[in-house]
1. Can you tell me which residue within region 82-98, out of those that are of a type in the set (D, E, K, R) and part of a loop (DSSP other than H, G, I, E, B), is farthest from the ligand (Cβ to nearest atom)?
2. Can you find, within region 99-114, the residue that is most open to solvent (accessible area, probe 1.4 Å) among those that are more than 7 Å from the ligand (Cβ to nearest atom) and touching a strand residue (DSSP E or B) at 6+ places or on another chain (Cβ under 8 Å)?
3. Test of understanding: among 79, 18, which residue is at pLDDT 90 or above and assigned to a helix (DSSP H, G or I)?
Amino acid sequence: MGNREIFDQVSDMEKQIGELYEQLGDLKGKLSDLLEENHRLAVENHNLRHHLEDHTEAISEKTATKGSGSSKGSHPGEGYDNLARLYEEGFHICNLEFGSPRRNEDCIFCLDFFDKTK
Ligand SMILES: [Zn+2]
């Protein structure tokens, strides 16, 4: 390989390095744009999440106060609901025959219970 060819190759490499350097600069610019946008989206996401939490909190507070404030388990109507379901399923809930099957007949004593509690 002559001196001339070596010189040409080095010039080519210099040119390529120059182009790469330019591309690197472009990419760096794009990267900083992306980082900026990413940061902006992260802040926006954070704010929206906060907003959503406030919103859902307000909603659950609203529904909590609507339901007479008592938690389940200690709900006064729960026992009644269970008995009503038992009656619907065909069992006596009256004192006389509690727990025995009704055989599809209405029982006045059971119905009396409903009247008392309604
Ligand atoms: Zn009954």
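1. First pass over region 82-98, keeping only residues of a type in the set (D, E, K, R): 85, 88-89, 97.
Still in the list and also part of a loop (DSSP other than H, G, I, E, B): 89, 97.
On the way: 89: 13, 97: 5 Å.
This residue is 89.
2. Taking region 99-114 as the starting set, the residues that turn out to be more than 7 Å from the ligand (Cβ to nearest atom) are 99-101, 103-106, 108, 111-114.
Still in the list and also touching a strand residue (DSSP E or B) at 6+ places or on another chain (Cβ under 8 Å): 99-101.
Details: 99: 39, 100: 35, 101: 69 Å².
Going through the qualifying residues, I end up with 101.
3. Details: 79 fails: at pLDDT 90 or above.
When all the criteria are applied, what remains is 18.
The values are calculated or read from the model by the stated rules, or taken from the named source; none is laboratory data. All values derive from a computational prediction rather than experimental measurement. Reconstructed Cβ throughout: ideal geometry from the backbone, glycine too, with neighbour counts over all protein chains shown. To get the accessible areas, we keep the full protein, side chains included, count just its heavy atoms, and leave off ligands, DNA and RNA. Shrake-Rupley method; radii C 1.70, N 1.55, O 1.52, S 1.80 Å.
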